[in-house]
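Right, one structure below, let's go through it.
The values are calculated or read from the model by the stated rules, or taken from the named source; none is laboratory data. Model, not experiment: these values are computed from the prediction. Cβ: placed from backbone, ideal geometry, glycine included. Neighbour counts: every protein chain shown. Calculation scope for accessible area: heavy atoms of the full protein, side chains included, ligands and nucleic acids excluded. Shrake-Rupley method; radii C 1.70, N 1.55, O 1.52, S 1.80 Å.
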Amino acid sequence: MTASSIFSKLSRQGDGSWTAAYGAFVLQSALQPIFSQDAEGHVEVEAFEGLIRPNRAGDPVRPAEFFPAVAREDKVMIDSLCRTLHIFNTGALGRKRAKLFVNFHPGLFVTAADIRREVELMRLAANESGMTPARIVCEITQKENDSADMLAHFVDELRARGFQIAIDEYGADERDAARMKLLKPDFVKFEASWVKEFLENSAGYALLGVMVRQIKEQGAVPIFEGLEDLRQADLCQNLEVPLLQGYAFARPEIAPTSFNEEFPESTDGPGFDTRPSHELERYNPDLHMPKSIYSASPQLGGLRRAATFGKRTR
């Protein structure tokens, strides 16, 4: 699949967003912000996660229904098309620093040539959209039968082109430790249901604190996702979790979104060091996150957020 053939499937809409077509389906991007918060509870959008939203004749179709309907021979193309769509829609926001998290399924790409071709396609999409590769985080979805050598090669190709790496559904079992060692990610997304359960008891809460510190010491930025209420956000603040995502902060919105109006980008300078974590000796909050997160003692309660928080209905 060439860049021109992928790009030809994209259509620019009157509102500035991009859509794509596949058979009877129209594909749209939904973007969900990922926030940092300082010691006083003020938040800043640091990244977006790209989520695909298919529809057919204007009626929404659940992704869980859409992807099984994709013909076997089209699965690689659709995987590439979804990523490209998210990159174009995030670039259209015109933000200068916000990163984009996109899902990658390495098992779809069999040969080294396939991997190089896909990584080059993503680099071209980033260039066309006005984003740099350093602002695109590839969230590696690993399956049990994926080859460790193939995964390592895939990550090496992505890093060589300047992209960053995340792993998702991180927990406490041995496979997760092996993933950390193999992929050396820049970001680590903790498994959402596991986090919510552990936030509710003192032993689990203490374990989360230990794990957050360990992830930072390994040179990665922890992310807690799936947070549904502000009480959970308070608890995460006390754990000094750098990045937070969930309905407690903002629901996904279909591009072009209202996020530029509701959460305008600050002009205080970059919130992240743009270097990949493997170039840093260890996690340094002065480089990765706003200083205020670590310059004051965190306290539960008293979070101060924009008035729009808690008022979303979609």
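Computed quantities for the displayed model
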| quantity | calculated |
| --- | --- |
| Residue within the stretch 44-58 that is in contact (Cβ under 8 Å) with a residue 12 or more places away in the chain and under 20 Å from Asp146 (Cα atoms) present | no |
| Residues located in the stretch 120-156, provided they are open to solvent by less than 70 Å² (accessible area, probe 1.4 Å) and farther than 20 Å from Cys82 by Cα | Asp146, Ser147, Ala148, Met150, Leu151, Ala152, His153 |
| Every residue from the stretch 10-19 that is out of contact with any Phe, Trp or Tyr (no Cβ under 9 Å at 6 or more places or on another chain) and buried (at least 20 other Cβ atoms within 10 Å of the Cβ) | Thr19 |
| Count of residues meeting criterion [under 21 Å from Ile78 (Cβ atoms) and either in contact with a helix residue (DSSP H, G or I) (Cβ under 7 Å, 6 or more places away or on another chain) or among the charged types (D, E, K, R) (or both)] in the stretch 8-40 | 11 |
| Sole residue being buried (at least 18 other Cβ atoms within 10 Å of the Cβ) and at positive phi, chosen from Lys184, Lys189, Lys216 | Lys184 |
| Residue count for the stretch 56-87, restricted to those that are touching a strand residue (DSSP E or B) at 6+ places or on another chain (Cβ under 7 Å), open to solvent by 20 Å² or more (accessible area, probe 1.4 Å) and assigned to a helix (DSSP H, G or I) | 1 |
| Pairs, first in contact (Cβ under 8 Å) with a residue 40 or more places away in the chain in the stretch 72-83, second polar (S, T, N, Q) and open to solvent by 20 Å² or more (accessible area, probe 1.4 Å), C-beta under 8 Å, six or more apart | Cys82/Asn103; Arg83/Asn103 |
| Subset of the stretch 81-123 (residues that are modelled with pLDDT under 95 and of a type in the set (Ser, Thr, Tyr)) | Thr111 |
| Top-ranked residue in the stretch 32-42 [being modelled with pLDDT under 90 and within 21 Å of the chain's Cα centre (by Cα); ranked as surrounded by the most Cβ atoms within 10 Å (Cβ to Cβ)] | Gln37 |
| Complete set of residues in the stretch 211-232 that are over 18 Å from the mean Cα position of the chain (by Cα) and more than 27 Å from Leu183 (Cα to Cα) | Asp229, Leu230, Arg231, Gln232 |
| Residues satisfying the stated conditions in the stretch 1-31, i.e. among the β-branched types (Val, Ile, Thr) and over 24 Å from the mean Cα position of the chain (by Cα) | Thr2 |
| Meets criteria (basic (Lys, Arg) and under 23 Å from the mean Cα position of the chain (by Cα)) for Arg56 | no |
| Single match in Leu208, Leu227 (criterion: open to solvent by less than 10 Å² (accessible area, probe 1.4 Å), touching a helix residue (DSSP H, G or I) at 6+ places or on another chain (Cβ under 8 Å), farther than 25 Å from Leu158 by Cβ and assigned to a loop (DSSP other than H, G, I, E, B)) | Leu227 |
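So that you can scan it fast, the table gives a plain yes or no per residue for (1) closer than 30 Å to Leu235 by Cβ; (2) basic (Lys, Arg); (3) part of a loop (DSSP other than H, G, I, E, B):
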residue: Ala21; (1), (2), (3): no, no, no
residue: Gln32; (1), (2), (3): yes, no, no
residue: Phe35; (1), (2), (3): yes, no, no
residue: Glu40; (1), (2), (3): yes, no, yes
residue: Glu46; (1), (2), (3): yes, no, no
